[in-house]
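Values quoted throughout were computed directly from the atomic coordinates according to the rules given, and no laboratory measurement underlies them. Given the structure is predicted, the values throughout are model-derived calculations rather than measurements. As a convention, Cβ positions derive from the backbone with ideal geometry for all residues, glycine included, and neighbour counts pool all protein chains shown.
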Amino acid sequence: MVSPVAAPAWRRNARPFDINDPRPRIAIVLVGLGPLHGITTAAIERLPAEVSLSFDPYGQGLAEWTWLARALGHEILLDLPSGGAPVAQAGDTSLAAWSPGSGDLRRLDWVAGRADGYVGFAVASGSALSVSPTGRSSVLRSIGQRGLLVLDTRPGDPSLGAGAAFSLPRVAVDIDIDARPDSLAIDQRLAALEARARQTGFAVGIAKGYPVTIDRLIVWSRALQEKNLALAPISALAAEQSIR
């Protein structure tokens, strides 16, 4: 048995989950939390604790948000940022500015030092991890050495496939729940997520946390037990998805 001290960070910071639970597992991760205070508060306080939450590392009050999320039982991650407004604000600390030999690991140190108690990074679409093989390898190796996992938000993207070479647990998203942020579309995506979980034993959904998303997730989660499905933190799917 691995001692708590020797366990990697993603296991030490994981929300407890019964690995012997035979039910198909579904993990839900909300990303981009922090900048919009109303949405962030609702996600932390209203959603079941089994829902994992990923925070924008540029957001003000990050330490307070992540502390509250963990205090209420959520497993947390940090977003690895891509393009957009935060890049301009952060200058060369943004992952979008990375290139081989230009301080990749220093920038990772900056992002990684923004919070405590997280299990890994949610890799955003368009991040520099898909651009430079050299830079990507150094970043993935460092993440693995930190004992963290990576949530690949772009299923089918081969850029993170090398993670296994660095003992890096990788979890891939199956369905973007609120790509269309309306009730009917979200419910249909959640039903597809259930079907995926029954077919393979596990499934991962990602969402941006619109108010309608949070409302539908609350209603949906209440029916999972009678459907014989388990809502699980993202870490509970890291081992299962390693076979993909």
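Here the 3J(HN,Hα) profile of region 186-191, calculated from phi with Karplus coefficients 6.51, -1.76 and 1.60 at θ = phi - 60°, is 5, 4, 5, 5, 5, 5 Hz, Gly and Pro shown as x.
Here 177, 19 are placed in order of increasing Cβ neighbour count within 10 Å, fewest first, which gives 19, 177.
Fewest neighbouring Cβ atoms within 10 Å first, the residues 68, 108 line up as 68, 108.
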